[in-house]
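Notes to accompany the following structure.
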Amino acid sequence: MAATIFAQATPPGRSGIAVIRISGPRARAAAAALGAGGTPDRRAVLRRLVDPRDGRALDDAIVLRFDGPRSFTGEDSVELHLHGGPAVCRSVAEALAAERDLRPAEPGEFTRRALQNGRLDLAQVEGLGDLLAAETAAQSRRALDLVGGRLSRTAERWREPLVRALALIEAGLDFSDEELPDDLVAEAAAELIAVADEMRRELAGSGIAERLRLGFEVALVGAPNVGKSTLLNAMAGREAAITSEFAGTTRDPIEVRMEARGLPITLVDTAGLRDARDPVEAIGVERTRRRANAADLRVFLVGPEGAEEASGVSICAEDLIVRAKADLGRDGPGLAVSGLTGAGIDVLVGRIADVLEARSATAGAIGHERQRVAVERAEQAVRRALGVLGAEATLDLAAEDLRAAMLALDALLGRIGVEDVLDVIFSRFCIGK
């Protein structure tokens, strides 16, 4: 029998309300021991909680009972909604810990039980982890799609034609003395081609989906002393980078997290591009080139006199070229910004958002490396099956490839072969979730 677990599901510290969750076979008994017995399923009631060890009053709490399997974890569960003072939460937790067969929950243990009891699949669990970590509206929306089963439903839709094709092939193997109609083989092949093509389209959007989850990287690139660090500080709204009148002040890339139209962005200030004056600066310049070339978008800052050479950094069609130090009052083509006065910064942020929003429209449902690898394996297996489908001597190979594709989809949803990754996934969760 699984142990009954409990934990505070809300952040520690002072708050108006704090929630303590209890889940497991003794959840209702534990709540009753604290004076919260007799609560109806899925209805909130007010109860005076007491310490069963000495009868001392602990709090007046709202109690919610959820009977398994119709609960988040699939087990009998109880939530205690307490006044959010640290002393109250600590006293209730100590009283629960003293109960027989109760123990504090580990990080992510409630969600892990939901997975084990079939209330969530692994793709939904990863979406829940993303939701807990979401910093922007776009991240929240994508995480909710995953929690809501968008990728899970897609995987199930892919699985159906694989099952039908496998049934056809196995019929051919079982009744090898009877010739299968060509139109059935062609129909199965057409379905498999459609599935493989859809998998390929989802995989094509996985890179953008992962950037949405982790954040797009935008690099500020330009010559020394052109105003990159001043602009970074202005966009960040704080002194994130050291600025001075001396060229070459920035040596290592400096990162600032920001949001534009709900999109997560990591803004990177880089070392000025020029022929290095010393070995340390040379290291910084080389790091700048690597980091800028790897960024999702580059903002090239040019001085009032015009464009400087961006040696060693590739300029892509969507990259932005911006005139710096607009406060000096020199006219010229294109957008001009000033980190000192803030002129043009809102327009620059808007243009960055325009580019990244357009890319985000191509994002697929796959946003994790584990998910991408599972779908790649499924697609490759389907392509292999198509390569031999229709040849009587290789029907057994086609059947084996289709089984491999279905196993890959099962791994995507956490039904098989994922024990080695569960600890990594749940390590990102907080206690109480």
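Only the coordinates and a few stated rules stand behind these numbers; no lab work does. Everything numeric in this text was worked out from a predicted model, so none of it was measured. Every residue, glycine among them, receives a Cβ derived from its backbone with ideal geometry; neighbour counts consider all protein chains shown.
The table for this structure:
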item: Part-to-part distance (alpha-carbon centres) for region 47-83 and region 1-26, which is given in Å; result: 9 Å
item: Highest average packing first - 120-128, 209-217, Cβ atoms within 10 Å; result: 120-128, 209-217
item: Region 115-154, relative contact order in percent, only Cα pairs under 8 angstrom and at least six apart counted; result: 43 percent
item: Nearest-20 debye value, region 25-136 charge dipole, Cβ charges on Lys, Arg, Asp, Glu; result: 460 debye
item: Per-residue ³J(HN,Hα) for region 120-125, Karplus 6.51 cos²θ - 1.76 cosθ + 1.60, θ = phi - 60°, Hz, x for Gly and Pro; result: 9, 9, 5, 5, 5, 4
item: Size of charge dipole - the chain - debye, nearest 20, with Cβ of Lys, Arg +1 and Asp, Glu -1, no other charges; result: 2180 debye
item: Per-peptide average of other Cβ atoms within 10 Å, ordering 73-80, 419-426 highest first; result: 73-80, 419-426
item: Nonlocal amide H pairs with Glu217, under 5 Å, H built at 1.01 Å; result: Thr266, Asp296, Leu297
item: Ranked list, fewest to most other Cβ atoms within 10 Å of each Cβ, for Lys228, Lys325; result: Lys325, Lys228
item: Computed over region 79-159: relative contact order in percent, which uses C-alpha pairs under 8 Å that are six or more apart; result: 19 percent
item: Under Karplus coefficients 6.51, -1.76 and 1.60, residue-wise ³J(HN,Hα) of region 377-385 in Hz, glycine/proline x; result: 5, 5, 5, 4, 5, 5, 4, 5, 4
item: Helix-only mean residue ellipticity at 222 nm for the chain, each DSSP H run of n ≥ 4 adding -39500 (n - 2.57), per residue, nearest 500; result: -14500 deg cm²/dmol
item: Amide H partners (placed H, <5 Å) of Thr4, local residues excluded; result: Arg26, Arg103
item: Positive-end residue, the chain charge dipole about Cα centroid, Cβ charges, pick of Ala137, Gly24, Gly38; result: Gly38
item: Linear extension gain, Ile431 paired with Thr394, 0.36 nm per residue minus alpha-carbon span; result: 8.1 nm
item: Backbone HN-Hα couplings from phi across region 50-55 [Karplus 6.51/-1.76/1.60, Hz, Gly and Pro as x]; result: 10, 7, x, 6, 9, x
item: Percent RCO, i.e. relative contact order, over the chain, from Cα pairs under 8 Å lying at least 6 residues apart; result: 17 percent
